[in-house]
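Here the structure comes first, spelled out in structure tokens, and everything after it is commentary.
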Amino acid sequence: MDNLFNPDIYWSIVATMACLAVAVFFALQRITAGYGMMYDRRWGPTVGNRLGWVLMEAPVFIAMLALWILSPRKAEAAPAAMALLFLLHYFQRSFIFPMLIRGKSRMPLAIIAMGVAFNLINAYMIGGWLFYVSPPDTYSSSWLSSPLFIAGTAVFFAGMAINWQSDHIVRNLRRPGDTRHYIPRGGMYRFVTSANYFGEFTEWAGFAILTWSVAGAVFALWTFANLAPRAMQIHRRYLSEFGDEYRSLNRRYIIPFIY
């Protein structure tokens, strides 16, 4: 593990990920990932959405758990609490969310492979910082009562609640057998097109605050860079399908009142 988390290597990867996030944000203005309502057969072989989500999200859960268990700091309270929050998100995303999916949509294997790579690098950044790279006195037990941890955790759970509620709204838009698109309403959909994405970004912004780390900030940056362009594309798709009815709702893409 010492070589894997050599500070020079670690910080080079973090810096590269920060730069790539900016590049990906602009690249995704032109490239539409072919899954969900943007499904496109040109992305190649596919699997069912349920299996696809498990394959894409479970590796990061396993990787973070392994980094925690193998660390000499595994018994330290503050890093363990932060890792539990990370694992809570990915347990739901890996093993609960897929079972709630309705319909028979497909997910390209290419999307899954890219998602696995992205997730594993993020596990390396976050787990590496919490358990291997951060100075030993960074997260004492007193960190758990600090304003940063308390505020960040509140933001994290607020984002999680928004994300889960928004997914629930979308899942219940259709009756069984219906394949039409409908306008999501209620919750944070009153303000943005992609309320589920807003919730997820809010989660990781909260995580960046509660860890007060560069790794957490880069993860939040990546989340925005990946989701904001897709939110814009979904917004345009709704405008093309629903026209003035959707335009009159005056929603932003992903950040209420801002973007």
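The values are calculated or read from the model by the stated rules, or taken from the named source; none is laboratory data. It should be emphasised that the depicted structure is a prediction, and the values quoted were computed from it without experimental measurement. Quick reminder, even Gly has a Cβ in these numbers, built from the backbone with ideal geometry, and neighbours come from all protein chains shown.
Being part of a helix (DSSP H, G or I) and hydrophobic (A, V, I, L, M, F, W, C) is the filter here; which residues of region 160-175 pass it?
Hits for region 160-175 are Met160, Ala161, Ile162, Trp164, Ile169, Val170.
Quick one: which helices (runs of 4 or more DSSP H) lie wholly within region 39-108 and hold at least 3 residues that are within 19 Å of Leu144 (Cα to Cα) and out of contact with any strand residue (DSSP E or B) (no Cβ under 8 Å at 6 or more places or on another chain)?
Hits in region 39-108: 77-91.
Answer yes if at least one residue in region 176-188 is under 26 Å from Tyr246 (Cβ atoms), in contact with a Gly (Cβ under 6 Å, 6 or more places away or on another chain), buried (at least 20 other Cβ atoms within 10 Å of the Cβ) and at pLDDT 95 or above, and no otherwise.
no
Is it the case that region 116-132 has a residue that's at pLDDT below 95, small (Gly, Ala, Ser), exposed (fewer than 14 other Cβ atoms within 10 Å of the Cβ) and assigned to a helix (DSSP H, G or I)?
Among the residues of region 116-132, at least one is at pLDDT below 95, small (Gly, Ala, Ser), exposed (fewer than 14 other Cβ atoms within 10 Å of the Cβ) and assigned to a helix (DSSP H, G or I), which makes the answer yes.
Would region 199-214 turn up any residue that is of a type in the set (Val, Ile, Thr), surrounded by fewer than 13 Cβ atoms within 10 Å (Cβ to Cβ) and touching a residue at least 40 places away in the same chain (Cβ under 8 Å)?
no
List every residue pair whose Cβ atoms lie under 6 Å apart, where the two residues are 6 or more positions apart in sequence or sit on different chains, the first residue falls within region 135-156 and is buried (at least 18 other Cβ atoms within 10 Å of the Cβ), and the second residue, located anywhere, is in a helix (DSSP H, G or I) and among the acidic types (Asp, Glu).
Final answer for the pair search is Phe156/Glu203.
For residues in region 176-203 being among the charged types (D, E, K, R) and part of a helix (DSSP H, G or I), which is nearest to the chain's Cα centre (by Cα)?
Glu200
Any residue in region 2-31 that is at negative phi and hydrophobic (A, V, I, L, M, F, W, C) sitting within a Cβ distance under 9 Å of a residue that is at pLDDT below 95 and not in a helix (DSSP H, G or I)? List the pairs, counting only those 6 or more apart or interchain.
Short answer, once both residue conditions are applied: Ile9/Asn3.
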